[in-house]
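J.: I have a structure I would like to understand better, so I am pasting it below and will then ask my questions one at a time.
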Amino acid sequence: MKRTRKAVPPYAVVRSLKKLGSDIHSARLRRRIPAELLAERALISRSTLHKIEKGDPGVSMGNYAGVLFGLGLGTPFADIADIVNDPHGRILDEENLPKRIRIKRD
């Protein structure tokens with residue numbers, strides 16, 4: 001039988017997910033929302049919510065987004081990779097702009 005290895009994300013990703021999970025847990029407690037109610041709002045099980053609050057990288061991004069929305073925090077993933085928030089991408093894009101533009105004549 002062939003063994004499969006579980007993909008382990010980079011440490012920085014794991015650390016940020018743990019912080020996000022902890023922040024979600026704190027936000028839920030500050031709002032005094034029971035775990036069962038938040039899980040229901042996010043359309044997930046209570047055990048999935050527990051994994052999210054622990055920062056489990058195996059939980060889908062959609063479930064994290066659902067929980068944030070259920071907490072009333074909107075949809076923060078909508079603008080993460082937007083060009084407005086990507087100065088490095090804008091610099092790379094500007095480097096590839098043509099020096100001049102010529103009109104094609106037939």
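J.: Inspect the range 39-54 for any residue being in contact (Cβ under 8 Å) with a residue 24 or more places away in the chain, surrounded by 10 or more Cβ atoms within 10 Å (Cβ to Cβ) and in a loop (DSSP other than H, G, I, E, B) and give the result as yes or no.
T.: yes
J.: Confirm whether residue 37 is closer than 30 Å to residue 5 by Cβ and modelled with pLDDT of 95 or more.
T.: The answer is no for residue 37.
J.: Count, please, the residues in the range 55-80 that happen to be in a helix (DSSP H, G or I) and either acidic (Asp, Glu) or touching a residue at least 24 places away in the same chain (Cβ under 8 Å) (or both).
T.: 7
J.: I would also like to ask the following. Applying the selection to the range 82-106, what residues are surrounded by 10 or more Cβ atoms within 10 Å (Cβ to Cβ) and part of a loop (DSSP other than H, G, I, E, B)?
T.: Result: 86, single match.
J.: Which numbered condition trips up residue 47, out of (1) more than 22 Å from residue 9 (Cα to Cα); (2) at pLDDT 90 or above; (3) more than 18 Å from the chain's Cα centre (by Cα); (4) among the polar types (S, T, N, Q)?
T.: (1)
J.: Please find, within the range 15-38, the residue that is surrounded by the most Cβ atoms within 10 Å (Cβ to Cβ) out of those that are charged (D, E, K, R) and in a loop (DSSP other than H, G, I, E, B).
T.: 31
J.: Determine whether residue 38 is under 17 Å from residue 70 (Cα atoms), among the hydrophobic types (A, V, I, L, M, F, W, C) and within 20 Å of the chain's Cα centre (by Cα). Working first, answer last.
T.: Numbers: under 17 Å from residue 70 (Cα atoms): yes; among the hydrophobic types (A, V, I, L, M, F, W, C): yes; within 20 Å of the chain's Cα centre (by Cα): yes.
In short, yes.
J.: Considering 52, 44, which residue is within 15 Å of residue 16 (Cα to Cα) and among the aliphatic types (A, V, I, L, M)?
T.: After ruling out the rest, the residue left standing is 52.
The values are calculated or read from the model by the stated rules, or taken from the named source; none is laboratory data. Note that this is a predicted model, so its numbers are computed, not measured. FYI the Cβ positions are ideal-geometry reconstructions off the backbone, even for glycines, and counts take in every protein chain you see.
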